[in-house]
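To start, the structure itself, in C-alpha cells.
The values are calculated or read from the model by the stated rules, or taken from the named source; none is laboratory data. Please read these numbers as outputs of a predicted model, since none were measured by experiment. Cβ placement follows ideal geometry from the backbone for every residue including glycine, while neighbour counts extend to all protein chains displayed. Ligands, DNA and RNA are excluded from the accessible area calculation, which covers all protein heavy atoms including side chains. Shrake-Rupley method; radii C 1.70, N 1.55, O 1.52, S 1.80 Å.
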Amino acid sequence: MKIETDYIKLDSFLKAENIVASGGEAKILIAEGEVRVNGEVETRRGRKLRAGDRVEAGGETLVVE
C-alpha cells in the first residue's frame, strides 16, 4: 500500500488493506499478538507505520510504500 502522508497507524492500515473489516476487529487481532511489524509481534494499535515497514497479518505479508 502506498501512503500519501509520513505514516499510517497500524489499525488503519489493516482496515485499508482489508485484513479486517472494522477497528474493533483490528484491535482484537493486534491484542492477541496476531500481527507482526518488521518481524516482531506488535500489540499497539496506534503503531506508526512508515514506508518500508513490513506487516504480517491474516496470512499475508504487506509492505508500506
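The mean accessible area for residues of the chain, using a 1.4 Å probe and ignoring ligands and nucleic acids, is 62 Å² per residue. According to the square roots a ≥ b ≥ c of the eigenvalues of the Cα gyration tensor, what is the shape class of the stretch 1-48, taking rounded for a/c under 1.5, prolate for a/b larger than b/c otherwise, and oblate for the remainder? Oblate, since a/c reaches 1.5 and b/c is not below a/b. So, in nm, how far is label Lys48 from label Val63 when the simple model puts each one 7 Å beyond its Cα toward the Cβ? Here the modelled spin labels are 2.3 nm apart. In this rough spin-label picture, where each label sits 7 Å from Cα along the Cβ direction, the Glu4-Ser22 distance is 2.7 nm. A simple spin-label model places the labels of Val41 and Ser12 2.7 nm from each other, with each point 7 Å out along Cα-to-Cβ. Do the sum for the chain: with -39,500 (n - 2.57) for every DSSP H run of n ≥ 4, divided by all residues, what is the mean residue ellipticity at 222 nm, to the nearest 500 deg cm²/dmol? It comes out at -6500 deg cm²/dmol, rounded to the nearest 500. Note: relative contact order over the chain, using C-alpha pairs below 8 Å and six or more positions apart, is 36 percent.
Of the solvent-accessible surface of the chain, computed with a 1.4 Å probe and all protein chains present, 41% belongs to carbon and sulfur.
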